[in-house]
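Have a look at the structure below before the remarks.
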Amino acid sequence: MKKLMNILMLSCKRASGLIEKKANLSLNPFEKIQLFIHTGMCDACKNYEKQSRDLDSILDKHIHSTKPESSKDTLSTDIKNKIISDLENK
Amino acid sequence: MTNQKLALSQQNIQEWVSLYADDLFRWALHKTGVKETAEDLVQETFLVAFKSLDRFQGKSKPKTWLFSIINNKIIDYHRRNFKEASKNHHLNFERKGESDVLNQFFDNSDTWKSNEKPSNWNELEGHLLDDHEFNMVLDGCMKNLPGHWYSAIQLKYLDQKSGNEICQELGITSSNYWKMLQRAKLQLRDCIEKKWFKE
């Protein structure tokens, strides 16, 4: 019975994949209906889809943001001098 | 290049190294997570800047120009790193007899394991990103990903290209691409939930 349900309405495992496929590529009509029905009935997958989209916007902002000003990482003086001397020899 | 011009450009570059090298380094470190890589990228950036100085012509600010060079270098790096790092991993997920990250989250009937069910995150809003500790957690979770997933994720957001274009660039099928994102997302989500929402 569970197997039959999984084929008709997707398993959570497959739903978590189609959620990514939907956001990054595209779903075929059958997959669209399957995912729609599944997330309509499964709270965990509904939460997951929401979180996956939230993560997209968080990662997008995080990757494009400059590091907080407090970051103390600096390029070593040796490397800076090397850059300058390399260029002088060009 | 005439001697006068050469001297001028060298002076410019020297000045730019002292003004912008640290900013460029921090930027590259944030985007690659590897100190040595960030150092190499900054060196290459100045080399490219020097070689193409006559194309710069002062139309933009030097800093903007240098950052546009290093951004291209960062994208190139992730493309290379993806190909390099994925040599040691098969991208054909779900192969029989191989362990799959998905088994960590789903039981034998392909349903969420009870302790892995995504619960409702209450506060996941923009201001989280102003939180230094949250950014640290996020960086940590990103670095826990296998190298090729990490580079694919970086490219997805840095490159601003469609899924199909990214597949082409990386030389993978679309199904390998979304299955990789599925696994990377599950792992990231889990890591953030455990390290941020439950601690």
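Structure above, values below:
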item: Subset tally (residues that are open to solvent by 10 Å² or more (accessible area, probe 1.4 Å) and either aromatic (Phe, Trp, Tyr) or touching a Cys at 6+ places or on another chain (Cβ under 7 Å) (or both)) for segment B:168-194; result: 4
item: Positions within segment B:31-45 being without any contact (Cβ under 8 Å) to a residue 24 or more places away in the chain and facing chain A (nearest Cβ under 7 Å), in sequence order; result: B:Glu39, B:Gln43
item: Those residues of segment B:114-138 which are modelled with pLDDT of 80 or more and touching a helix residue (DSSP H, G or I) at 6+ places or on another chain (Cβ under 8 Å), in sequence order; result: B:Glu116, B:Lys117, B:Pro118, B:Ser119, B:Phe134, B:Asn135, B:Val137, B:Leu138
item: Residues located in segment B:78-107, provided they are open to solvent by 30 Å² or more (accessible area, probe 1.4 Å) and either in contact with a Pro (Cβ under 7 Å, 6 or more places away or on another chain) or modelled with pLDDT of 90 or more (or both); result: B:Arg79, B:Arg80, B:Asn81, B:Lys83, B:His89, B:Asn103, B:Gln104, B:Asp107
item: Selected residue (only one of A:Lys22, A:Lys72 is modelled with pLDDT of 95 or more and more than 8 Å from chain B (Cβ to nearest Cβ)); result: A:Lys22
item: Residue, surrounded by the fewest Cβ atoms within 10 Å (Cβ to Cβ), within segment A:47-67, restricted to residues that are more than 20 Å from B:Gly33 (Cβ to Cβ) and within 7 Å of another protein chain (Cβ to nearest Cβ); result: A:Asp54
item: Only one of A:Leu75, A:Leu27 that is among the aliphatic types (A, V, I, L, M) and buried (at least 18 other Cβ atoms within 10 Å of the Cβ); result: A:Leu75
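The values are calculated or read from the model by the stated rules, or taken from the named source; none is laboratory data. The structure presented is a predicted model; accordingly, all values stated were derived computationally and were not measured. FYI the Cβ positions are ideal-geometry reconstructions off the backbone, even for glycines, and counts take in every protein chain you see. Accessible surface areas use protein heavy atoms only, side chains included; no ligands, DNA or RNA. Shrake-Rupley method; radii C 1.70, N 1.55, O 1.52, S 1.80 Å.
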